[in-house]
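Please treat every number below as a calculation from the coordinates, not as lab data. From a predicted model like this one, the values you see are computed outputs, not experimental measurements. All Cβ positions, even for glycine, are placed from backbone atoms using ideal geometry, and neighbour counts span all protein chains on display.
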Amino acid sequence: MHAMKRIVILISGRGSNMEAIMRSMAAEQWPAQIAAVISNKASASGLQTAQAAGIPTKVLEHRAYPDREAFDAALSAAIDYFEADLVVLAGFMRILTPGFVHHFQGRLLNIHPSLLPSFPGLDTHQQAIDAGVKLHGATVHFVTPVLDHGPIIAQAAVPVLEDDTEALLAARVLQQEHQIYPRAVRDIIEGKVWLDGDRVRRRDTSTH
């Protein structure tokens, strides 16, 4: 049996991907626990969700720090305090400094609502509609110092329909996020997927 792995989840809002991970973890009995949920906003409703589930929470208001480096240093210290094996960004709306990213290299995951490398940054669903692409989706990736870039762990494709609005497309993509993010986290927890340099390696488990 593996030792229990400790996950720290970072949120800025309702944390729907955090909830999806919590649900999968409970249903599938992962060898893991959520050690803490940390938010850069006291108003993030996901904090109540975590507290209701008995998960420790912490708020670090980025406005309380003089600059990005100071905030990231405090965030890094908080994550290390909870002894995180894996740091999961679930709608954490802060651009992280290279120093922070390097500190957690290979242990830092993000989900982005597009098929990267297309449409990095914000407003991805409107970008996809405006570009006229037929396929949009979501990407789970290891975080590197370049925003919305980094070795890809999993992707899900969602068709863009003729009369899609940003809200309709976003809702369909979010459903897929809730499928692929827990699976990716579980694969890493169970040692089936890992970062090797700048490549994602995968152990073939079909033989078991």
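Residues that are out of contact with any helix residue (DSSP H, G or I) (no Cβ under 9 Å at 6 or more places or on another chain), aliphatic (A, V, I, L, M) and under 22 Å from LYS5 (Cβ atoms) within the range 163-188 comprise ILE180, ALA184, ILE188, listed in sequence order. Applying the criterion of being free of Cβ contacts under 8 Å to residues at least 40 places away in the same chain and within 12 Å of the chain's Cα centre (by Cα) to the residues of the range 87-108, the residue that is nearest to ASP123 (Cα to Cα) is LEU108.
Candidates in the range 59-86 are the residues that are of a type in the set (D, E, K, R) and more than 19 Å from the chain's Cα centre (by Cα); of these, the one that is surrounded by the fewest Cβ atoms within 10 Å (Cβ to Cβ) is ARG63. Is at least one residue of the range 100-122 buried (at least 19 other Cβ atoms within 10 Å of the Cβ), in contact with a Gly (Cβ under 8 Å, 6 or more places away or on another chain), at negative phi and of a type in the set (Phe, Trp, Tyr)? No; the residues of the range 100-122 include none that is buried (at least 19 other Cβ atoms within 10 Å of the Cβ), in contact with a Gly (Cβ under 8 Å, 6 or more places away or on another chain), at negative phi and of a type in the set (Phe, Trp, Tyr).
Does VAL173 qualify as being part of a helix (DSSP H, G or I) and crowded, with 20+ Cβ neighbours inside 10 Å?
Details: part of a helix (DSSP H, G or I): yes; crowded, with 20+ Cβ neighbours inside 10 Å: yes.
Judged against the criteria, VAL173 is a match.
Considered as a group, the residues in the range 87-99 that are over 17 Å from VAL200 (Cβ atoms) and touching a helix residue (DSSP H, G or I) at 6+ places or on another chain (Cβ under 8 Å) include one that is surrounded by the most Cβ atoms within 10 Å (Cβ to Cβ), and that residue is ALA90. Taking the criterion of being surrounded by fewer than 20 Cβ atoms within 10 Å (Cβ to Cβ), touching a residue at least 40 places away in the same chain (Cβ under 8 Å) and of a type in the set (Gly, Ala, Ser), the only residue of the range 23-51 that qualifies is SER24.
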